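Asker: Here it is, the structure in full.
The values are calculated or read from the model by the stated rules, or taken from the named source; none is laboratory data. Every value quoted in this text rests on a predicted model; they were computed, and no experiment measured them. Here the Cβ positions follow ideal geometry from the backbone for every residue, glycine too, while neighbour counts run over all protein chains shown.
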Amino acid sequence: MVEARGRFSAGRALPPLALSGGEPAGIGPDITLAVWAGQRAEPVPHFAVFGDADTWLARSRQLGLDVPVVRVGSLVEAAARFAHALPVVDVPHACVSFAGQPDERNGSAVIASIVAATAAVARGEASALVTNPIAKSVLYAAGFGHPGHTEFLAELAGTHFPGRTFTSVMMLAAAELRVVPLTIHVALSYVPGLITRARIVETGRIMHVALRSDFGCAKPRIAVAGLNPHAGESGTMGTEDRDIIAPAIADLRAEGLDVTGPHSADTLFHAEARTRYDAVLAMYHDQALIPIKTLAFDRGVNVTLGLPFVRTSPDHGTAFDIAGTGRASPTSLREALRVAHAMALSRRAAAAPAG
């Protein structure tokens with residue numbers, strides 16, 4: 001995996017990261033403040049929050065962190081102020097936000113925060129986008145028409161890069177494992193019908209490009225998990241592996257990609273097996289997420305592949321039940337910031353002219 005730890009030296013300087021505020025009643029403010037407050041012991045790259053400055057200041061007081069919050073007008077100013085205060089590009093809320101009490105009236109501001117942070121990255125003012133967790137039920141009341149962040153960001157990317165379309169792919173990444181679910185938030189009964197040869201090929205291509213440009217894998221190795229037990233055992237326990245997944249793998253191999261499978265998922269994630277690949281393409285949500293959350297529950301990072309900019313997020317939700325209590329772990333957000341910085345450096349290096 002791309003190295004995401006260590007000091008963030010001026011010699012490898014990039015613009016600050018843009019961090020969207022997310023759902024203000026959730027733990028987004030808590031973990032953001034905790035990451036900034038702990039930066040001396042746990043260094044992170046510079047970032048600016050796109051959100052409501054008053055909300056961050058109030059939550060800082062509630063948590064007893066006494067983090068100084070400063071409104072900034074640009075990412076350049078944010079970089080200059082970061083060492084001494086948490087810089088916030090102010091996106092005011094419609095009403096006061098209280099921890100653990102989501103309010104639909106603030107949904108439009110949450111969406112505006114994502115839009116503004118994405119625009120900063122698309123303009124090159126920020127090096128990458130990191131998103132705090134959202135509550136989709138709140139956003140739907142404000143007219144949000146997407147299943148989640150990933151699809152919304154693909155649409156926003158199209159507005160900033162006219163004439164191009166983007167297929168976004170969700171990856172969960174940690175030092176131990178990178179995994180992509182081919183299908184995500186759908187009922188298990190729908191999964192077989194959504195597995196197509198074309199979808200596997202397209203996703204495999206996107207993974208290959210991202211592993212090279214964003215994770216520094218010179219020759220990416222992708223393992224593809226089978227759908228059925230024992231990858232169908234030649235069709236005796238389901239035909240999808242034989243008739244759909246294997247031909248798609250053959251297509252990718254014919255293009256010169258190092259793709260293997262379909263592998264039986266029950267033997268794909270132990271330590272020795274993980275030395276044989278750089279990422280796994282899994283067939284459905286739990287097949288991908290159970291292994292990584294078992295191996296790296298607090299350290300997993302959600303990465304969006306296929307976009308013209310780097311985007312990461314912590315691998316957890318809003319956790320309304322512990323918002324404002326000080327019990328939320330900032331580890332996944334800290335890793336999301338570090339991974340975004342490392343990916344941005346890798347992408348810049350990959351784009352640099354040879355010699």
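To keep it simple, each residue is scored yes or no on (1) among the acidic types (D, E); (2) within 15 Å of the chain's Cα centre (by Cα).
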residue	(1), (2)
D266	yes, no
A271	no, no
D278	yes, no
Y284	no, no
K293	no, yes
G300	no, yes
P308	no, yes
R311	no, yes
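Asker: Shifting gears a bit: Which condition from (1) without any contact (Cβ under 8 Å) to a residue 24 or more places away in the chain; (2) under 21 Å from V339 (Cα atoms); (3) not in a helix (DSSP H, G or I) is the one that T294 breaks?
Answerer: T294 satisfies all of (1) without any contact (Cβ under 8 Å) to a residue 24 or more places away in the chain; (2) under 21 Å from V339 (Cα atoms); (3) not in a helix (DSSP H, G or I) except (3).
Asker: Right, next: Residues in the range 181-204: is at least one part of a strand (DSSP E or B), buried (at least 16 other Cβ atoms within 10 Å of the Cβ) and out of contact with any Ser or Thr (no Cβ under 7 Å at 6 or more places or on another chain)?
Answerer: So far as the range 181-204 goes, yes, one or more of its residues are part of a strand (DSSP E or B), buried (at least 16 other Cβ atoms within 10 Å of the Cβ) and out of contact with any Ser or Thr (no Cβ under 7 Å at 6 or more places or on another chain).
Asker: Same structure again: Go through the residues of the range 291-302 one by one and say whether even a single one is farther than 25 Å from A128 by Cβ, outside the structural domain of S137 (by TED's automatic domain parsing) and in contact with a strand residue (DSSP E or B) (Cβ under 9 Å, 6 or more places away or on another chain).
Answerer: Yes, the conditions are met somewhere in the range 291-302.
Asker: Could I ask something else about it? Does R334 meet the test of being more than 20 Å from A210 (Cβ to Cβ), part of a loop (DSSP other than H, G, I, E, B), of a type outside the set (D, E) and at pLDDT 95 or above? Lay out the reasoning, then the answer.
Answerer: Working: more than 20 Å from A210 (Cβ to Cβ): yes; part of a loop (DSSP other than H, G, I, E, B): no; of a type outside the set (D, E): yes; at pLDDT 95 or above: yes.
Considered against the rule, which asks whether it is more than 20 Å from A210 (Cβ to Cβ), part of a loop (DSSP other than H, G, I, E, B), of a type outside the set (D, E) and at pLDDT 95 or above, R334 comes out as no.
Asker: Would you call P181 in contact with a His (Cβ under 7 Å, 6 or more places away or on another chain) and modelled with pLDDT of 95 or more? Step through it out loud before you land on a result.
Answerer: Values: in contact with a His (Cβ under 7 Å, 6 or more places away or on another chain): yes; modelled with pLDDT of 95 or more: yes.
Spelling it out, P181 is indeed in contact with a His (Cβ under 7 Å, 6 or more places away or on another chain) and modelled with pLDDT of 95 or more.
Asker: Could you please give the count of residues in the range 297-313 that are outside any strand (DSSP E or B) and of a type outside the set (F, W, Y)?
Answerer: 7
Asker: Does A279 fit the bill of being touching a residue at least 12 places away in the same chain (Cβ under 8 Å), assigned by TED's automatic domain parsing to the domain that holds P181 and closer than 30 Å to A117 by Cβ?
Answerer: yes
Asker: Separate question: Would you be able to tell me the number of residues in the range 252-267 that are in contact (Cβ under 8 Å) with a residue 40 or more places away in the chain, in contact with a strand residue (DSSP E or B) (Cβ under 6 Å, 6 or more places away or on another chain) and not in a strand (DSSP E or B)? Lay out the reasoning, then the answer.
Answerer: We begin by selecting, within the range 252-267, every residue in contact (Cβ under 8 Å) with a residue 40 or more places away in the chain; these are 252, 255, 257, 259, 263, 265.
If we keep only those that are in contact with a strand residue (DSSP E or B) (Cβ under 6 Å, 6 or more places away or on another chain) as well, we get 252, 259, 263, 265.
Cutting the leftovers down to not in a strand (DSSP E or B) gives us 252, 265.
Residues in the range 252-267 being in contact (Cβ under 8 Å) with a residue 40 or more places away in the chain, in contact with a strand residue (DSSP E or B) (Cβ under 6 Å, 6 or more places away or on another chain) and not in a strand (DSSP E or B): 2 in total.
Asker: Quick check on the range 210-251: of everything there that is closer than 24 Å to A351 by Cβ and without any contact (Cβ under 8 Å) to a residue 60 or more places away in the chain, which residue is surrounded by the fewest Cβ atoms within 10 Å (Cβ to Cβ)?
Answerer: A218
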